[in-house]
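Notes for the one structure printed next.
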Number of protein chains: 4
Amino acid sequence: MTRDCEQAAFEAGIKLGALYHQWVGTPVSPASAASIESAIEKAVILQPFVEEVTVHLNRDLMIPNRFGYSELSGTMLDAQVVTRVGFAYCRARLATSEGYPMMRIVECHEISPVSDH
Amino acid sequence: MTRDCEQAAFEAGIKLGALYHQWVGTPVSPASAASIESAIEKAVILQPFVEEVTVHLNRDLMIPNRFGYSELSGTMLDAQVVTRVGFAYCRARLATSEGYPMMRIVECHEISPVSDH
Amino acid sequence: MTRDCEQAAFEAGIKLGALYHQWVGTPVSPASAASIESAIEKAVILQPFVEEVTVHLNRDLMIPNRFGYSELSGTMLDAQVVTRVGFAYCRARLATSEGYPMMRIVECHEISPVSDH
Amino acid sequence: MTRDCEQAAFEAGIKLGALYHQWVGTPVSPASAASIESAIEKAVILQPFVEEVTVHLNRDLMIPNRFGYSELSGTMLDAQVVTRVGFAYCRARLATSEGYPMMRIVECHEISPVSDH
């Protein structure tokens with residue numbers, strides 16, 4: 001049987017993979033970044049098993065093209081998501097590491113149920 | 001030589017085609033719809049030749065799935081964009097017609113330049 | 001420390017979430033479905049930790065719109081992915097269940113390393 | 001009334017805008033590029049008013065990341081589409097120009113109907 005921790009990690013992966021491929025390519029600028037961050041957070045929190053989500057876009061990477069805007073790239077994204085399945089929690093993060101938008105588990109743990117004897 | 005009206009129509013088509021394929025699939029609910037509308041408008045207005053954009057999502061089509069949310073579908077979208085190239089303007093609209101998310105030109109016109117004699 | 005099984009489950013989730021949001025919305029018909037299946041498989045297999053991937057699109061759901069084609073929807077997708085991290089494997093599947101495109105873990109297991117005594 | 005040339009230009013814009021935002025972000029490598037090109041062409045040709053489409057991905061830009069693959073970026077794309085509305089044709093192209101993935105009309109023209117007197 002699959003353990004709750006594995007399920008929580010699976011769900012966290014789904015959310016980060018989905019977020020990435022849904023939003024990469026969106027036109028963005030420092031002035032509109034807060035609006036995009038908020039829309040992503042509000043979209044992710046709707047999904048099952050999500051307890052918490054925060055998204056930050058790196059404005060320093062928003063180099064304007066000749067028309068004065070940028071496109072959201074994976075390396076701009078710093079996102080954290082916490083999922084919960086049963087008594088297990090998983091915190092995972094998408095953040096740029098050495099130029100690659102890396103997704104990794106920050107921590108997974110299972111809360112011991114209160115003893116009932 | 002391409003006329004400005006054709007260019008304006010071409011640019012309007014680009015914006016509607018891009019908007020559609022960028023945003024379809026995003027998790028959405030009546031509570032988050034305003035945030036998505038605003039994010040789409042702020043993303044589209046950044047692009048070249050766009051004078052004006054309005055986006056409305058049809059909340060009536062947001063039938064909750066078993067987890068209580070929906071995904072943004074093309075039929076939920078009602079978007080208008082006005083593009084300008086030189087003295088030509090094009091207003092185009094994406095709206096559902098008989099179940100199909102139809103993109104069409106509402107009007108294109110060229111403003112006569114002020115006579116200089 | 002995160003166990004390999006959790007990592008493998010996390011990676012499987014990433015791949016299914018990414019696949020879903022990358023490809024939903026693509027124009028498709030029964031005649032082009034095999035080409036899309038192949039392109040998805042070739043894209044997923046490139047990603048880290050993926051051992052195996054198969055994608056099948058349900059042609060029965062490709063109801064032609066007034067222009068004779070459909071758009072790839074989540075419910076058309078039946079995808080399986082096997083990820084491996086260290087000695088742990090995870091097989092996960094995206095398939096429609098009661099009208100919802102459900103992603104779930106089929107199995108996760110860890111291979112015992114050969115004893116070295 | 002909108003002229004056929006404007007309509008054809010509008011339709012060409014839709015197709016290029018859609019193509020761009022549907023496919024950018026897809027994992028790709030020189031080995032899988034032909035499969036992606038073919039899938040894009042087969043998806044675009046399904047759409048209304050499209051007479052012809054060709055897609056070429058620039059392999060030289062597919063610099064492998066630490067995991068040995070790339071993501072499809074707008075600058076990799078060289079796509080041409082021909083649309084037809086009534087007797088008007090529009091050929092448009094997406095190609096990189098000075099580092100920006102530029103969409104432009106190559107030519108629009110209207111064929112004179114055969115005189116019937």
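The values are calculated or read from the model by the stated rules, or taken from the named source; none is laboratory data. Note that the structure is predicted; figures quoted are calculated from it, not measured. Don't worry about glycine lacking a Cβ; one is built from the backbone with ideal geometry, like all the others, and counts go over all protein chains shown.
What the table shows:
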quantity: Residue check for B:Ala34: surrounded by fewer than 20 Cβ atoms within 10 Å (Cβ to Cβ) and without any contact (Cβ under 8 Å) to a residue 12 or more places away in the chain; calculated: yes
quantity: Total residues in region D:82-99, condition within 11 Å of chain B (Cβ to nearest Cβ) and modelled with pLDDT under 95; calculated: 0
quantity: Any hit, region C:32-40, residues being closer than 22 Å to A:Leu19 by Cβ and touching a Cys at 6+ places or on another chain (Cβ under 8 Å); calculated: no
quantity: Residue within region D:2-25 that is part of a strand (DSSP E or B) and touching a residue at least 12 places away in the same chain (Cβ under 8 Å) present; calculated: no
quantity: Matching entry among C:Val24, C:Val85 (being of a type in the set (Val, Ile, Thr) and within 13 Å of the chain's Cα centre (by Cα)); calculated: C:Val24
quantity: Qualifying residue in region B:22-29 (condition: more than 14 Å from chain D (Cβ to nearest Cβ) and not small (Gly, Ala, Ser)); calculated: yes
quantity: Residue in region D:56-65 that is within 17 Å of the chain's Cα centre (by Cα), within 19 Å of B:Gly17 (Cβ to Cβ) and of a type outside the set (Gly, Ala, Ser) present; calculated: no
quantity: Residue list for region D:94-117, filter: surrounded by fewer than 18 Cβ atoms within 10 Å (Cβ to Cβ) and closer than 18 Å to B:Gln47 by Cβ; calculated: D:Ala95, D:Thr96, D:Ser97, D:Glu98, D:Gly99, D:Tyr100, D:Met102, D:Arg104
quantity: Subset of region A:46-81 [among the β-branched types (Val, Ile, Thr) and either touching a Cys at 6+ places or on another chain (Cβ under 7 Å) or assigned to a helix (DSSP H, G or I) (or both)]; calculated: A:Thr75
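Per-residue answers, yes or no, for (1) at pLDDT 95 or above; (2) crowded, with 22+ Cβ neighbours inside 10 Å; (3) farther than 18 Å from C:Met102 by Cα:
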site: A:Gln7; (1), (2), (3): yes, yes, no
site: A:Ile14; (1), (2), (3): yes, yes, no
site: A:Gly17; (1), (2), (3): yes, yes, no
site: A:Trp23; (1), (2), (3): yes, yes, yes
site: A:Ser29; (1), (2), (3): yes, no, yes
site: A:Ser38; (1), (2), (3): yes, no, yes
